[in-house]
Amino acid sequence: MDGRCPMFPNFALLFLLNTQQEVLLLRRINTPFCNGFYSLPGGAITLGETARQAAMREGTNSLGIILSIDDLECVHVMHRKCNDPEFFACIFRPRSWQGVLNNLEPERHDDLRWFNLDKLPDNMVPAHRHALEQIKHGIFYSEHGW
């Protein structure tokens, strides 16, 4: 078993924003859903791991950056229903990070790019677009796909 809860997985996503108000997105390939679509960096929370710990792990494993748990601000929580599974996604904005951003999972992502929050790509995971719209409007909790 990989540590995820098979009945009700939860996710930690990263909302990395640069000084030009651009958000970092990854384009998905060879993944279970939404291949060819841009998404927020992140992944499943494993058993025994907090959402912030998962965000830190994903920052290191996917992007090569070091995050401090105290610098992670939860900016949105989304309850999502997607076909059968439903789950929560906690989206964290790091106030700072160390290291240089890199795509460390080229087998899962073929592009790493900054996008203006007002000009997101058309080919974006719909729930992630929804979450970014909520964040822009200061809405902390939302539901998607119900």
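The values are calculated or read from the model by the stated rules, or taken from the named source; none is laboratory data. Here the structure is a predicted model, which is why all the values come from computation and not from measurement. Note: ideal-geometry Cβ built from the backbone for every residue, glycine included; neighbour counts use all protein chains shown.
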Checked the stretch 54-73 for anything in contact with a helix residue (DSSP H, G or I) (Cβ under 7 Å, 6 or more places away or on another chain) and in a helix (DSSP H, G or I); matches are Met56, Ile69
If a residue must be in a strand (DSSP E or B) and not β-branched (Val, Ile, Thr), how many such residues does the stretch 74-99 contain? 15
Identify, from the list Leu120, Leu72, the residue that is over 18 Å from Ile29 (Cβ atoms) and more than 14 Å from the chain's Cα centre (by Cα). Leu120
Those residues of the stretch 39-60 which are of a type in the set (S, T, N, Q), touching a residue at least 40 places away in the same chain (Cβ under 8 Å) and within 19 Å of Val23 (Cα to Cα), in sequence order: Ser39
Do we find that Leu104 is part of a strand (DSSP E or B), surrounded by 14 or more Cβ atoms within 10 Å (Cβ to Cβ) and either hydroxyl-bearing (Ser, Thr, Tyr) or within 16 Å of the chain's Cα centre (by Cα) (or both) in this structure? no
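Could you tell me which of the residues Phe88, Phe115 is of a type in the set (A, V, I, L, M, F, W, C), within 15 Å of the chain's Cα centre (by Cα) and at pLDDT 95 or above?
Going through Phe88, Phe115 in turn, just one is of a type in the set (A, V, I, L, M, F, W, C), within 15 Å of the chain's Cα centre (by Cα) and at pLDDT 95 or above: Phe115.
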